[in-house]
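The values are calculated or read from the model by the stated rules, or taken from the named source; none is laboratory data. Computed from a predicted structure; not experimentally measured. For neighbour counting, all protein chains shown are included, and Cβ atoms are generated from backbone atoms with ideal geometry for every residue, glycine included. Ligands, DNA and RNA are excluded from the accessible area calculation, which covers all protein heavy atoms including side chains. Shrake-Rupley method; radii C 1.70, N 1.55, O 1.52, S 1.80 Å.
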Amino acid sequence: MGTLLKCYKPLFSIRFSSFPNSLRSVQLRTHSFNNPKRRNPIRRCFSSLSPSSQPLINGTTLDKMDGNQQPGSPSSELWLHNTMSKKKELFMPKVEGKVGMYVCGVTAYDLSHIGHARVYVTFDVLYRYLKHLGYEVCYVRNFTDVDDKIIARAKELAEDPISLSRRYCDEFIQDMVHLQCLPPSVEPRVSDHMPHIIDMIKQIVDNGYAYRVEGDVFFSVENFPEYGQLSGRKLEDNRAGERVAVDSRKRNPADFALWKSAKEGEPFWESPWGPGRPGWHIECSAMSAAYLGYSFDIHGGGMDLVFPHHENEIAQSCAACKQSNVSYWIHNGFVTVDSEKMSKSLGNFFTIREVMDLYHPLALRLFLMGTHYRSPINYSDVLLESASERIFYIYQTLHDCENVLSQHDKGLQESIPPETLNVINKFHNDFSTSMSDDLHTPVVLAALSDPLKTINDLLHTRKGKKQAMRIESVAALEKIIRNVLSVLGLMPTSYSEALQQLREMALKRAKLTEDKILQKIEERSEARKNKDYEKSDAIRKDLAFVGIALMDSPDGTSWRPAIPLPLQEQQVAAT
């Protein structure tokens, strides 16, 4: 991004390049639920030869969803809600065809909770969709590995703070692999960027926006008249808040630390103000500038970061370089528990690991995408069960497609019937329209219903099996669903593997083994033969109570995961 303004020498030059493979091939190579691999920081900005978003006109244009869109030529408009302007705006990057995006990462002192998962799934969807539109994206997501909370936790565990944070950085990366979040272009850590942080603080001090008190350096909010432009807060309303210590040495209670003098037993770095470490906010200003310059396209994070973190970032970056500018500030809503924000400080959180111990990671991802990213989403077992059941249905339908298509891999015609084409075009239009309208993923997920139902009709109903060009229709429908799932990050490595994992987790939640279920199915079959329908119904209901649904067919009885009966009743009562 050589044309972007840089007020000091960047860490190293960033070049945009292209993946040699499609988005789907990258995803399948790097994301495995069973075998996650640690990802090292990538020192380049990648793009994907990703699918086009042009409307389908006839059956042959399905190829446009296969990765043939050329990077640097976005295929449709995108509207994003900008926290700065408080409205949706048409996305227009500073450099045509290229996007610089910075997202604030985790403070690595513990396992991440599903509030964190929502942040990074949200921005992974944005990352994927920007690439789908044909943009080359440099996505920077940092790790905070030097912080008060890390030091406090390290003392509690009698562990070196940097070692502790490194361990939790690795744990976070594993969580992201499970959730199928693509690796960012760069994953910088605070401890690796002290020269850049110190350099930026020097600029802020030299420009008259900060003052030194003993070994500390504070930003003076009164010297920055635009303070509050993002959050809408007035200076007189500001006071010391989260991670902003009350300190009588400050000129204004809202002033915040750029540099903290070293305390005994804490990690420190040498600086012009003496040994110490950076304040929380300065790190993101310095690292975003190091990789993207002072002027870039998108800065994102959770809604809780609007104030003070992002407000302070704007002040710092502008104080260091007057031409500093971020075009779009994007923030996702909270995950709540009983209408309260989920957070470690409130103690009402569930870690990603805890949830993934009982639910498939892609069910969790679907749950997080089932509400618009800016709206709050309330954590509940019933919603996770619903997401798990839904994703099982999606993968079972596509698995059935796969089995049928494997028997007809040759001799298929290129054209498809008009009724199938109408379903495909409507789904594609719903996908493009909804995603381009501020990433409206719930509408896209709802729009999956029609093509999935059409597939099941073609595969399993008497009328569907008589349809002309039935196999061609199934192939075309499977293809567009697969491509959309890839853009959403919901495409598994294999349908059969995902279905097996979903079954295993349903058994775990039900506290049953498959042998036990098969035994119950046998008992029920025997009861039905003996016309003991009361016992037969009782067996079915007992299994439904714990989330196991029985399905009868001419080939016998099988089972699948389902929402447990009490939660179904709770769902009905709530609606």
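Across GLU497, GLU514, GLU522, the residue with the most accessible area heads the list, and the full order at a 1.4 Å probe is GLU522, GLU514, GLU497. For PHE256, the accessible surface of its heavy atoms amounts to roughly 0 Å² (probe 1.4 Å, protein chains only, rounded to the nearest 10).
A simple count of charges around VAL125, restricted to other residues whose Cβ falls under 13 Å of its Cβ and scoring Lys, Arg +1 and Asp, Glu -1, yields +3.
Note on VAL326: accessible area approximately 30 square angstrom, rounded to 10, probe 1.4 Å, nucleic acids and ligands left out. Across the range 79-354, the convex hull enclosing all Cα atoms gives 132 Å³ per residue.
Couplings 3J(HN,Hα) of the range 376-384, computed from phi: x, 10, 8, 6, 7, 4, 5, 6, 5 Hz, in residue order, whole Hz [Karplus 6.51 cos²θ - 1.76 cosθ + 1.60, θ = phi - 60°; x for Gly and Pro]. Sequence-ordered 3J(HN,Hα) estimates for the range 499-514 from the Karplus curve with 6.51, -1.76 and 1.60 and θ = phi - 60° stand at 4, 5, 5, 5, 5, 4, 6, 5, 4, 5, 5, 7, 6, 10, 9, 5 Hz, glycine and proline given as x. Derived scalar couplings between HN and Hα for the range 459-473 equal 8, 10, 9, 4, 5, x, 5, 9, 5, 5, 6, 4, 5, 4, 5 Hz in order, rounded to whole Hz, by the Karplus curve 6.51 cos²θ - 1.76 cosθ + 1.60 (θ = phi - 60°), x for Gly and Pro. Grouping the Cα pair distances of the range 280-427 into 10 Å bins from zero gives a pair-distance distribution of 9, 24, 21, 22, 16, 8, 1 percent in increasing distance order.
Leaving out ligands and nucleic acids, note down the accessible area per residue over the range 421-575 with a 1.4 angstrom probe, in whole Å².
Dividing the accessible area of the range 421-575 by its residue count gives 50 Å².
Counting Cα-Cα pairs of the range 108-226 in 10 Å increments starting at 0 gives whole-percent bin shares of 11, 30, 29, 25, 5, 0. Taking all C-alpha pairs of the range 416-558, those more than 24 Å from each other amount to 53 percent. Is the shape of the range 179-235 best called rounded, prolate or oblate, per the rule: a/c under 1.5 gives rounded, else a/b larger than b/c gives prolate, else oblate, with a ≥ b ≥ c the square roots of the Cα gyration tensor eigenvalues? Here the range 179-235 falls in the oblate category. With all protein chains kept in place, the per residue accessible area of the range 79-354 amounts to 35 square angstrom at a probe of 1.4 angstrom. Going by a ≥ b ≥ c, the root eigenvalues of the Cα gyration tensor, does the range 179-305 fall in the rounded group (a/c under 1.5), the prolate group (a/b larger than b/c) or the oblate group? Oblate is the answer for the range 179-305, as a/c is 1.5 or above yet b/c matches or exceeds a/b. Evaluated on the range 511-574, the Kirkwood hydrodynamic radius is 12.3 Å, with distances taken between all distinct Cα atoms. Dividing the Cα radius of gyration of the range 381-495 by 2.2 N^0.38 Å, with N the residue count, gives 1.08. Local charge for SER434 was computed over the other residues whose Cβ lies under 15 Å away, with Lys and Arg +1 and Asp and Glu -1, and equals -1.
Residues VAL205, VAL474, sorted by accessible area with the largest first, give VAL205, VAL474 [1.4 Å probe; ligands and nucleic acids excluded]. The heavy atoms of ARG249 offer some 80 square angstrom of accessible surface to a 1.4 angstrom probe.
Counting other Cβ atoms within 10 Å, which GluC sites (Glu not before Pro) in the range 154-233 have at most 11 and lie in a DSSP loop?
Hits after loop and neighbour filter: GLU214, GLU226.
Taking amide H atoms as placed 1.01 Å from N in the peptide plane, the amide H of TRP269 lies under 5 Å from those of GLY276, ARG277, each 5 or more residues away in sequence or on another chain.
The trypsin sites (Lys or Arg not before Pro) of the range 523-565 that meet both conditions, a loop assignment by DSSP and at most 16 other Cβ atoms within 10 Å of the site Cβ, are LYS531. Amide H contacts of GLU89 (H built 1.01 Å from N, in plane; Pro and chain starts excluded): LEU80, HIS81, ASN82 sit under 5 Å, all sequence-distant by 5 or more or on other chains.
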